[in-house]
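Beneath this line is the structure, given in structure tokens, with notes to follow.
The values are calculated or read from the model by the stated rules, or taken from the named source; none is laboratory data. Everything quoted here is computed from the prediction, not taken from an experiment. In this analysis, Cβ positions are derived from the backbone assuming ideal geometry, glycine residues included, and neighbour counts consider all displayed protein chains.
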Amino acid sequence: MVSLTINGEARELDVADEMPLLWALRDVAHLSGTKFGCGMALCGACTVHIDGEPTRSCVTPVSQAEGKSVTTIEAVGDDPVGRRVQDAWLDLGVAQCGYCQGGQIMSATALLRKTPDPDDQQITDAMSGNICRCGTYNRIRQAIRQAAEAGEDKA
């Protein structure tokens, strides 16, 4: 048994300690928003937050998340920064196929929590591990800027 807090809810999952967090979330906790992409932490589709840090769940043993707070795409909008990111994504029609977008949103939200007004290089650095096969990178960058500006309006 592994004890996790997933999206604010304490959960006991009957899984092996070495099971990738991705599969514990998808197959055991039934949270299918986190996607399997490459299985090698190269594409970012499986990005979740562990204690607020963007983490590739496909290569993270569930035991490394034990006792920590895990946030998935299903709950990122409960946070004001995550909500602004999701709103910008929808407003600008960022997604084409949408497969990678959960991971993209998770990485963008983590960036804006740490750096509320990122410059181009900070955006590039934060998003560099997230691959979009549809090539929506310009809209992703624009959405991050829009979400940052929306945060400035609230200050």
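Checking each residue of segment 75-85 against the condition of being modelled with pLDDT under 95, out of contact with any His (no Cβ under 6 Å at 6 or more places or on another chain) and not small (Gly, Ala, Ser) gives at least one match. Quick one: would you say Ala95 is buried (at least 23 other Cβ atoms within 10 Å of the Cβ), under 18 Å from Arg145 (Cα atoms) and not assigned by TED's automatic domain parsing to the domain that holds Gly8? No; evaluated as a whole, the condition is false for this residue.
Can you pull out the residues in segment 81-92 that are touching a residue at least 60 places away in the same chain (Cβ under 8 Å) and surrounded by fewer than 17 Cβ atoms within 10 Å (Cβ to Cβ)?
Asp87
For segment 53-65, a residue qualifies if it is surrounded by fewer than 21 Cβ atoms within 10 Å (Cβ to Cβ) and either at pLDDT below 95 or over 13 Å from the mean Cα position of the chain (by Cα) (or both), and the qualifying residues are Val59, Thr60, Pro61, Ser63, Gln64. Just to be sure before I move on: is Ala41 assigned by TED's automatic domain parsing to the domain that holds Asn7 and crowded, with 19+ Cβ neighbours inside 10 Å in the structure I sent? Spelling it out, it is not the case that Ala41 is assigned by TED's automatic domain parsing to the domain that holds Asn7 and crowded, with 19+ Cβ neighbours inside 10 Å.
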